[in-house]
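Quick note: the coordinates plus some simple rules give every number you see, no bench work behind them. Just so we're clear, the structure is a prediction, and the values are computed from it rather than from any experiment. Heads up, the Cβs are rebuilt from the backbone with ideal geometry, glycines too, and the neighbour counts pull from every protein chain shown.
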Amino acid sequence: MKSRTRLAILLSALLSTPLASAATPDAAKTLAYIHHAWPTLTRRIEDCSAFGKGPGDTQLAIYLPHQLPMPQELPRIAKTCHVEVRRLPQSIRELGEFDPATLPVQGLLYLPHPYVVPGGFFNEMYGWDSYFIELGLLADHQETLARDMVDNALFEVQHYGGVLNANRSYYLSRSQPPFLGAMMAALLADPASFRDEADRRAWLAQAYPLAVRNHDLWMRTGHRAGDTGLSRYFDYGHGPVLEAHDASYYQGVIRWLLAHRAEDPGYLVKAPQHPDDAEAEQLKTASCDTAASKACADAWVGGYRLTADYYLGDRAMRESGFDTDFHFGPFAGSTHHYAPVGLNSLLYRYERDLHDFAAVLGKTADAERWQQAAAARKAAMDKYLWQPTQGRYMDYDFVAGKPSSDPYLSMFYPLWAGAASPAQAQALRGRLGLFEQRGGLAMSTRATGAQWDAPFGWAPTNWLAIKGLADYGFDADARRLGAKFMATVDNGFAHDRTIREKYNMASGNADVKITAGYTQNVVGFGWTNGVYLKLHQLLDGPAGQAAPPPAATPRPSPAVRPGT
């Protein structure tokens, strides 16, 4: 009966979605591809598959943490793989303590366990990708690899100062959306991931203080959204990002702003192409250091450069994972001015997870502290992010002192996090029409040409919205949207036998044409694979039996919590 119900939903979604070619979409073939894709996306140092130059690397190099003893086999592996082993010049407890620009070369950061990469040129372990990949691994009974992913994330916290954007040296100045608590909770909820209860508890005891340390980075001054009590995205570097091997991206931003002067929020500054010493000194404050960065020196078009504040926003945008969008200003250059709904929902969930972990470990005072922290964040979210007259959450520009007027799909993150009241959840459900299209949920209501805006949709944001709807009892909506997104992936796979990074929600296929920012639609793809498997589970589950609203019910302990 379950399979027939799921088949009916999928057929309905497929019939409402135009096909990309004459090929017939077949969910069984998509599933078979995903089941066999994990080995091709898995990277191990010992077989050299982890190595390869990243966008900002100048040579093949791997960095060890400052005080980590040399792994026994690494010198032999490095010789075989033709990689230079280097050591970071200092210990790093917090992001921002060390400036990766001071390294003589950029390279891979050592991780002790195998990991799954997104795919294509993304050949490293990424921060928020890893959560959705982990969910897929657990759904596909790849428990050992899933545990390796979480242990690698904890290793990053211990030795590199936090869960990183990815394990490359030039990412030592920023993190990514905080899913570490959710990663730990998903692993702890999986019975096959540990030998027994003693193993589970011992693992949690070691992981908990690292999870706390990673949460702390979001509470530091750089990540505070003014005096709102909320958090923001922030990168501790300055000027163009180190992985920008040339100025082409930034030149494109300047050209766009010059062509759309009315939409420039003040990102442009008049400046010479070849500044003299005095002018170069002024540009260090007004824009960036032309002597320290070739990308900065060449980021000039028609008499203009980009402001220092734009570069801060550009870096924050990359930490947000929404690279690039126009929701937080053109090319997201004002990301650091916002207390985002998405980030603060993730941190609310993180604090609830930390409460659960502390309770299991018998840390009563810690559990109380985390409960109070979550309650304070929810109150701040209700004050600054919830817009009762509109019945939705909106990102808050704490610099301008006003909410965004641009709806964004992350308004549904509070459902996944359990931060919405039943009344708020009901109101949010009424806003699905802003984003729902043939292929699933688009990111925004504006087509800007950027990949994180309409009409494009992504596996992680679709999953968070769909899972949130299911958790609040909106089962029919969750199943309808899940079927739509699965059908979109099936259509794309039938067309060219690939699974992609992102999809076109208007056409319900992988026909994605980007005109602002990054233009590729990468093949792989780790988080799409993981979300597809989770949607498969959701559609095969019994209809009408979603969990009660999380905000109105006690949460189970990590040892018994249902999968996330």
List the chymotrypsin sites (Phe, Trp or Tyr not before Pro) within the stretch 442-538 that fall in a DSSP loop (any state other than H, G, I, E or B) and whose Cβ has at most 15 other Cβ atoms within 10 Å. Tyr518
As I understand it, the dipole of the chain uses +1 on the Cβ of Lys and Arg and -1 on the Cβ of Asp and Glu, about the Cα centre. Which of His274, Ala359, Val253 lies farthest toward its positive end? Ala359
Mind running the shape call on the stretch 371-480? Use the C-alpha gyration tensor, a ≥ b ≥ c as the square roots of the eigenvalues: rounded below 1.5 for a/c, prolate if a/b tops b/c, oblate otherwise. oblate
Cα gyration tensor of the stretch 224-311 - equivalent ellipsoid semi-axes, whole Å, descending: 23, 17, 13
Taking the Cα centre of the chain as origin, work out the dipole magnitude from +1 charges on Lys and Arg Cβ and -1 charges on Asp and Glu Cβ, in debye rounded to 20. 1180
Taking the Cα centre as origin and putting +1 on Lys and Arg beta-carbons and -1 on Asp and Glu beta-carbons, what dipole magnitude results for the stretch 105-152, to the nearest 20 debye? 100
Among the lysines, which have Cα under 27 Å from the Cα of Lys467 when same-chain residues fewer than 8 positions away are ignored? Lys2, Lys29, Lys378, Lys383, Lys484, Lys502, Lys534
Residue separation times 0.36 nm, minus the C-alpha to C-alpha distance between His274 and His260: what's the value? 2.5 nm
In debye, nearest 20: dipole of the stretch 251-359 around its Cα centre with unit charges on the Cβ of K, R (+) and D, E (-)? 220
If each part is reduced to its alpha-carbon centroid, the stretch 266-318 and the stretch 449-515 end up apart, in Å, by 37
Decide, for the chain, between rounded, prolate and oblate: order the square roots of the alpha carbon gyration tensor eigenvalues as a ≥ b ≥ c, take rounded if a/c falls under 1.5, and otherwise choose prolate if a/b is larger than b/c, else oblate. rounded
Rounded to the nearest 5, what % of DSSP beta bridges with both residues in the chain are antiparallel? 75
Starting from the Cα of Lys294, draw a straight line to each of the lysines and keep only those under 27 Å, dropping any in the same chain fewer than 8 residues away. Lys53, Lys270, Lys284
Quick note, the stretch 288-411: a/c under 1.5 would make it rounded; otherwise a/b > b/c is prolate and the rest oblate (a ≥ b ≥ c, C-alpha gyration tensor); here it is oblate
From the backbone phi of the stretch 318-323, what are the Karplus-calculated ³J(HN,Hα) couplings (6.51 cos²θ - 1.76 cosθ + 1.60, θ = phi - 60°) in whole Hz, Gly and Pro given as x? 5, 5, 5, x, 8, 10
